[in-house]
Structure formats: C-alpha cells, structure tokens
Amino acid sequence: MSEEELDLNSLETGELMEQMHDDLYDGMADEIAEATNILLARNLTPDVVLADALVEGMRIVGIDFRDGILFVPEVLLAANAMKAGMSILRPLLAETGAVSIGKIVIGTVKGDIHDIGKNLVAMMMEGAGFEVIDLGINTGVEDFVAALDEHRPDILGMSALLTTTMPYMKVVIDSMVERGIRDDYIVLVGGAPLNEEFGLAVGADAYCRDAAVAAETAQALIHARRLTSGED
Ligand code: B1M
C-alpha cells in the first residue's frame, strides 16, 4: 500500500505512534496533524500524545541530525511537522496544566538578524518538551533581562552568527551578573562562529554545537541543577 493510501485511523494506537515517528522523520505535517487528532479522539491525553508520539519522534530526528544522517532542510521539515501536532496540543496542554520539563527564553543577539539556526534550536527544544519563549532577532540586553523577569525560565539561550555580534553575549551575561541574577539561570550559547572556549570566556554554562546538542545539554543541566537543589 502506498503512503497516500494509508488509512491512519485503521492502525492500532501503538502502530499509529510508530507511523507518526516515521511521518515526523519525513516531515509530513498533514499526516501528523491527522494522527494527533485521531489519538486525541481515542481519549489519549495530550501529554501522552506529546511525549510518546511527537517528542519521541523528534528525539529520533535529533539523533540522526547529530550523527550527520539528516541535514538542516530535513530537520526543518520535521520541525514543521512537529509544529502541526503542537498547534493542536498546545491549547489542550494549557487547559490540563501539563508541566513542561523546563522553560527557555531564546533570542539572536543585538545587531544580528540570522535566525535559521536559532529557530531550529527552539523547535528542537520544543520537541524535547520545553516551553520556548522566542524573542526573535536583534535582541538587546534590556529585552533579554525583561523576558527573564517576566517568564522566569530555567534557561537563557543566545544565538549569534557574526563575529561582530558574538561579543554581545558577554554584554548580556555581564549585565545579569551586575543585577545579581546570573546564577538564577542556565545560560547556553550557540552559533556557527562560536566554540567551547568562547562560551567559557563569556561566562556561559555551555556552548552548544547544534540544535540536538542544545536540547541534550538543556535537559542534562536542568536535571543536574534540580538534583543539586533537591527537587528531583
Ligand atoms: Co549571513 N553571514 N549575513 N545571512 N549568513 C554568514 C553567517 C557568513 C558566515 C557568510 C559568509 O560570509 N561566509 C557571514 C559572517 C562572517 C563573519 O561574521 N565573520 C555573514 C554575513 C557577513 C552577513 C551579512 C553581514 C551580509 C551583508 O549584509 N553584508 C548580513 C548580516 C546582517 C545582520 O545580521 N546584521 C547577513 C545576512 C544574511 C541573510 C539575511 C541573507 C541570511 C539570514 C537569513 C535568516 O537567518 N533568516 C544569511 C545566511 C543564511 C547566512 C549563512 C549562509 C547561513 C546561516 C545559516 O542559517 N546556517 C551563513 C554562512 C554559514 O554559516 N555557512 C552566513 C544554517 C543554520 C542551521 O546553522 O545558524 O550555525 P547555524 O545554527 C546551528 C548551530 O550554530 C547551533 O544550532 C544550529 C542548528 O544546528 N546554534 C545554536 C545556533 N544558534 C544557537 C543557539 C543556541 C544553541 C545552538 O542557544 C542555546
């Protein structure tokens, strides 16, 4: 039977979830939306659909992206398919008060309008179960700090693609230090011209090479922080 003829509704729930993992991998947004609705109609809760169908599917995408099996265009398509499912689940999750695994405020720093990589990170984070507040491009220190005050995230993520804008990350982190709030947040940085040494030099907690590493690092550092504070 060809993909076009596959009747998603005829699959039992486990098979349908596996099909969704494949459809996410192949970036099939319409199929993901349809399957999400089918699972909800079968009385699965939105958090189960999110975790077992979408997040698990994106986890597989993340691994293959990290290992160089998938490339940026494919991951963007997968993330777009994920968004189709998330747009159905998001209002339901808000109603049921399902807890996300953490919250991240992310933005491209001031003077920089590159956002493809940052968007990929945001999508991968969402795929890993994070609530993402995306401040967009050209984000100044006041906007970063205001967003931290407003949203109280676990993580601040910053992206820069220009050698001229990457030093701005230090401006933001120094400002957090001055305000006495640096240690309230995990700070992750990324972008093509950065490296680990630069991340350390500006005072970030970690430099993330790509979106998959960003999602993994975010989860690991949140877990470590919660263990230390006795929350886990
Ligand atoms: Co521009 N650009 N660009 N550009 N651009 C670069 C970065 C450049 C290297 C091209 C070159 O000359 N070879 C060069 C920078 C040189 C330098 O700084 N030394 C450059 C330049 C010079 C410029 C302009 C100044 C050009 C001009 O106007 N004269 C101008 C800058 C404007 C400005 O920002 N003020 C400019 C403009 C543009 C476009 C608008 C045309 C477009 C951006 C469109 C957009 O983003 N919406 C653009 C593009 C597309 C690029 C290249 C070709 C591709 C960038 C990209 O999207 N990569 C780029 C050359 C290159 O990098 N090969 C280039 C794909 C993306 C998925 O990767 O962003 O690295 P990346 O993100 C990765 C990781 O880095 C990491 O995860 C992502 C996914 O795996 N990551 C994070 C990124 N952010 C993270 C944040 C995290 C964690 C991980 O936080 C937790």
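The values are calculated or read from the model by the stated rules, or taken from the named source; none is laboratory data. Note that the coordinates shown come from a computational prediction; the quantities given were computed from them, not determined experimentally. FYI the Cβ positions are ideal-geometry reconstructions off the backbone, even for glycines, and counts take in every protein chain you see. Areas reflect the complete protein model, heavy atoms only, side chains present, ligands, DNA and RNA absent. Shrake-Rupley method; radii C 1.70, N 1.55, O 1.52, S 1.80 Å.
The residues of segment 1-97 expose, per residue, 52 Å² of accessible area to a 1.4 Å probe. Helical content alone sets the calculated 222 nm signal of the chain at -16500 deg cm²/dmol, taking -39,500 (n - 2.57) per DSSP H segment of four or more residues and averaging over every residue. So what's the angle, to the nearest 10 degrees on a 0 to 90 scale, between helix 72-96 and the longest Cα principal axis of the chain? So the helix axis and the longest Cα principal axis differ by about 80 degrees. Between ASN43, ASN80, ASN119, the Gaussian network model of the chain with springs among Cα atoms under 10 angstrom shows the greatest mean-square fluctuation at ASN43.
Apolar share of the accessible surface for segment 142-232: 51 percent from carbon plus sulfur atoms, 1.4 Å probe.
Put simply, the Cα atoms of segment 138-232 extend 40, 28, 20 Å along their principal axes, the longest span coming first.
Computed over segment 1-75, the convex hull of the alpha-carbon atoms projects to a mean area of 5.1 nm². Residue-normalised convex hull volume from the C-alpha trace of the chain: 126 Å³ per residue.
Taking 7 Å steps out from each Cα toward its Cβ at ALA220 and ASP174 produces label points 3.0 nm apart.
Summed over the residues of segment 134-219 and divided among them, the accessible surface reaches 45 Å² per residue at a probe radius of 1.4 Å. Comparing mean-square fluctuations of GLU131, GLU178, GLU74 from a GNM of the chain with C-alpha springs under 10 Å, the top value falls on GLU178.
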